[in-house]
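Below: the structure, in structure tokens.
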Amino acid sequence: MKVEILGAYGGSTDTSFLTSFLIDDFLALDAGCLTQTLNLDGQVKVTDILISHTHLDHTLSLGFLVDNMFGLRDEPLKIWSGKAMIEAMQQHIFNEVIWPDFTQLPNAEEATMAFREVLPEITFSVRHLRITAVPVNHVVPCFAYFVASTETGGCILYTADTSTTDRVWQVANEIDRLDAVIVDCSFPNHMDDLAIASGHMTPAMLAADLKKLKRDCKIMIYHIKPMFEDQMIAELTALNIPNIDMGIQGKTYHF
């Protein structure tokens with residue numbers, strides 16, 4: 001299972017791209033920067049997108065990707081997410097005011113985009129990938145996603161945006177195999193009040209939460225705010241978290 005880290009930051013600059021991960025060329029985890037990091041050939045290969053939640057840094061490129069694909073594919077681009085997230089995207093993005101409703105273009109029978117509802121902790125398949133969503137602790141409804149390959153046996157957990165949480169770590173401890181966790185860490189330690197209020201973590205909060213994880217796996221940090229990156233890397237390094245991987249944007253992993 002190939003996992004490409006297209007964008008991994010909690011803020012946007014010329015070198016810091018918003019959250020998007022690409023699995024085996026066809027499944028995207030969130031849509032912060034898909035059209036900024038994939039050429040048109042790469043975009044056409046994306047057939048399915050998992051949306052963790054509706055905040056702009058995780059959905060920004062979704063409308064542009066669908067627009068680019070108009071007329072270039074025979075099947076609709078499938079957008080997978082929870083009921084509340086789908087309703088929010090329909091109401092606030094694809095509402096014919098901010099952006100066209102591509103579930104009705106060119107017509108309902110030949111739509112360019114289709115929403116697919118995901119239920120918590122009900123595993124479903126997209127090709128050879130088995131996916132399970134688990135709610136996490138953010139300020140809007142938000143799913144973490146476990147993605148496992150039936151071809152390689154590899155499995156990753158993408159926590160999405162979350163503050164201190166419990167259930168996702170319980171599920172992580174129960175499954176047969178877990179190779180890596182892509183986990184939120186957004187603010188430096190002195191901003192813990194803001195991290196809690198906005199549904200994110202600091203390095204110290206993350207270290208405490210990771211004690212709930214009883215697995216030996218890679219810990220991949222995402223969602224660092226670019227303006228605090230140097231400070232946060234220093235704070236994360238000082239914690240001596242085993243198997244930690246920082247600066248993951250642009251890397252490709254195989255599990």
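The values are calculated or read from the model by the stated rules, or taken from the named source; none is laboratory data. This one's a predicted model, so the numbers in the text were calculated from it and none came from an experiment. With ideal geometry, Cβ positions are generated from the backbone for all residues, glycine too; neighbour counts draw on all protein chains shown.
Can you tell me how many residues within the stretch 127-167 are under 16 Å from GLY82 (Cα atoms), surrounded by fewer than 20 Cβ atoms within 10 Å (Cβ to Cβ) and touching a strand residue (DSSP E or B) at 6+ places or on another chain (Cβ under 8 Å)?
2
Could you tell me whether any residue of the stretch 169-186 is surrounded by fewer than 23 Cβ atoms within 10 Å (Cβ to Cβ), farther than 22 Å from THR19 by Cα and of a type in the set (S, T, N, Q)?
Scanning the stretch 169-186, I find at least one residue that is surrounded by fewer than 23 Cβ atoms within 10 Å (Cβ to Cβ), farther than 22 Å from THR19 by Cα and of a type in the set (S, T, N, Q), so the answer is yes.
May I ask you to list the residues in the stretch 71-125 that are hydroxyl-bearing (Ser, Thr, Tyr), part of a strand (DSSP E or B) and surrounded by 15 or more Cβ atoms within 10 Å (Cβ to Cβ)?
Once the filter is applied, which keeps residues that are hydroxyl-bearing (Ser, Thr, Tyr), part of a strand (DSSP E or B) and surrounded by 15 or more Cβ atoms within 10 Å (Cβ to Cβ), the stretch 71-125 yields only SER81.
Do you know which residues across the stretch 213-255 are in a loop (DSSP other than H, G, I, E, B), within 21 Å of LEU22 (Cβ to Cβ) and in contact (Cβ under 8 Å) with a residue 40 or more places away in the chain?
HIS223, ILE248, GLN249, GLY250, LYS251, PHE255
Among the residues in the stretch 19-38, are any without any contact (Cβ under 8 Å) to a residue 12 or more places away in the chain and assigned to a loop (DSSP other than H, G, I, E, B)?
Within the stretch 19-38 (the criterion being without any contact (Cβ under 8 Å) to a residue 12 or more places away in the chain and assigned to a loop (DSSP other than H, G, I, E, B)), the answer is no, since none of the residues qualifies.
So if I check each of ILE79, ILE51, which one is at pLDDT 95 or above and touching a His at 6+ places or on another chain (Cβ under 7 Å)?
Among ILE79, ILE51, only ILE51 is at pLDDT 95 or above and touching a His at 6+ places or on another chain (Cβ under 7 Å).
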